[in-house]
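Worksheet: the structure to be examined is printed underneath.
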Amino acid sequence: MAATSGFGARLARFDVGWTRLESVLCTAVLALEVCAFTFWIALKGFSLTSGATNHAGLVFRAAFGALALGPIANLLSRGRPAKVRLPVALGAALVGMLLGYASGNVGSAYFSNALNWLQDSSFLTLLGGLRGVGTELTWLLAMLGASLATGSSKHINIDALLRFLRPKLRVPAVVIGWIFAAVVCLAGVVGFFDHIAIESFGAPADATPGEKISIAWHEQGRHLFLLRKQVSLDMKTASHVFAGERYDSWLHGGDWNMWVKDGDWDEYFTPQQVDAIILPEAAATELHPPLVIVPSGGNSRGLLTRDLHLIFPFGLFIIGIRFLVRALLLAIGRIDLEAEAQAILPKEEAEVLSSEGEG
């Protein structure tokens, strides 16, 4: 029986806890991604207007009504015989379908306004809209899944060498293979970060690694500041949107100028850059969209995706560390290679390796 104390035991518990944490994060990210896409599709569906040739909005409303009332009726009739619950649920779904179809274009302008605000003038705009949020969550889910696969030996594995090695050489071979995999991952971290620092943060190609890290850190600070400023605008815009007013009907040029001058922009941008986003006096009464402007130039849409590009090198870093941890656990005998063979090899080959090891 393996010892329950000491460095090996602590490292093994750390590895188990790490896997448990990643499982929770993976579930949470998947749920958040489903919610984001569902919310986006729902807003899109309710904002559609149906005409003589286009009935997509009505179809969505009918489907939504059926899916909303059917399960509710089924829940309320819980405890009744199945021959009662089924007709009740089907009847409620039919009623919901008819109500959804009968609603026509009611509320389409309201939901369209909300959708346009979220897509074009909210903090989600900095992420590329709701679709952009889904894309970034997909990347994060992929990296979490890859790390989980590494931690449970479900990663892609080339096992040809193990078939020809003597039992005593298999553990060193696997340890070396995992260390090599970690080195490849960590090398990928350096390469991808270098590319992101140049393409996303504007670092010179000939800058030193330290300079690129400093530039990326500085730009991320700017982006987070702009995110905070956008959230402050969103809090003001939300009340107008919820009241049914157009999201871009409340902020005037004079209000914008006052908001900028009171916003401590000089901590992150030069006075000349801040002055560049101040509107002229002639535009004081004109409407201005409630969306932050990047004083240093560039489009604010998708601004934060530059920072989220770091998900990939960070994920590779985590995977590389996981390979190193598992290599160390195997080297000190905290991982049973035969058990690993059951996970990474077909059943027949795993049995062969196990019998050879016993022999």
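Scanning segment 29-64 for residues that are of a type in the set (A, V, I, L, M) and either under 19 Å from A114 (Cα atoms) or more than 15 Å from the chain's Cα centre (by Cα) (or both) turns up A36, I41, A42, L43, L48, A52, A56, L58, V59, A62, A63. Taking the listed residues P271, P290, P280, the one that is at pLDDT 90 or above and surrounded by 15 or more Cβ atoms within 10 Å (Cβ to Cβ) is P290, with no other qualifying. Cβ separations smaller than 6 Å between residues 6+ apart or across chains give the following pairs from segment 100-124 residues that are over 28 Å from L137 (Cα atoms) to residues that are among the basic types (K, R): G100/R61; S103/R61.
Comparison of A197, A187 shows that the only residue that is surrounded by 14 or more Cβ atoms within 10 Å (Cβ to Cβ), within 29 Å of the chain's Cα centre (by Cα) and either closer than 27 Å to N116 by Cα or among the aliphatic types (A, V, I, L, M) (or both) is A197. Filter segment 240-261 for residues that are within 12 Å of W117 (Cα to Cα) and aromatic (F, W, Y); which is surrounded by the fewest Cβ atoms within 10 Å (Cβ to Cβ)? Only one residue tops the list, namely F242.
Considering only segment 308-315, I want to know if a residue exists there that is crowded, with 16+ Cβ neighbours inside 10 Å and modelled with pLDDT under 85. So far as segment 308-315 goes, no, none of its residues is crowded, with 16+ Cβ neighbours inside 10 Å and modelled with pLDDT under 85. In the set (1) surrounded by 15 or more Cβ atoms within 10 Å (Cβ to Cβ); (2) touching a helix residue (DSSP H, G or I) at 6+ places or on another chain (Cβ under 7 Å); (3) free of Cβ contacts under 8 Å to residues at least 24 places away in the same chain, the condition left unmet by G177 is number (2). Scoring I72 on the criteria (1) at pLDDT below 85; (2) assigned to a helix (DSSP H, G or I) leaves a single failure, condition (1). The helices (runs of 4 or more DSSP H) falling completely within segment 239-312 that include 1 or more residues that are under 30 Å from R131 (Cα atoms) and touching a residue at least 40 places away in the same chain (Cβ under 8 Å) map to 305-308. Listed by first and then second residue, the pairs with beta-carbon distance under 9 Å, at least 6 apart or on different chains, first residue in segment 195-210 and of a type in the set (F, W, Y), second assigned to a loop (DSSP other than H, G, I, E, B), form an empty list. For segment 227-239, indicate whether the set of residues that are under 21 Å from L126 (Cβ atoms), modelled with pLDDT of 95 or more and in contact with a Ser or Thr (Cβ under 6 Å, 6 or more places away or on another chain) is non-empty. Scanning segment 227-239 turns up at least one residue that is under 21 Å from L126 (Cβ atoms), modelled with pLDDT of 95 or more and in contact with a Ser or Thr (Cβ under 6 Å, 6 or more places away or on another chain).
Looking only at residues in segment 65-88 that are within 37 Å of the chain's Cα centre (by Cα) and small (G, A, S), the one that is nearest to A102 (Cα to Cα) is G65. Taken over segment 256-290, the residue count meeting the criterion of being β-branched (V, I, T) and touching a Ser or Thr at 6+ places or on another chain (Cβ under 9 Å) is 1. Considered as a group, the residues in segment 7-28 that are surrounded by 11 or more Cβ atoms within 10 Å (Cβ to Cβ) and among the small types (G, A, S) include one that is nearest to the chain's Cα centre (by Cα), and that residue is A28. Of the residues P167, P172, the single one that is at pLDDT 80 or above and more than 19 Å from I311 (Cβ to Cβ) is P172. Exactly one residue among A62, A31 is at pLDDT 90 or above, surrounded by 13 or more Cβ atoms within 10 Å (Cβ to Cβ) and on the phi < 0 side of the Ramachandran plot, and that residue is A62.
The values are calculated or read from the model by the stated rules, or taken from the named source; none is laboratory data. Everything numeric here is computed off the predicted structure, so don't read it as measured data. We place every Cβ from the backbone using ideal geometry, glycine too, and count neighbours over all the protein chains shown.
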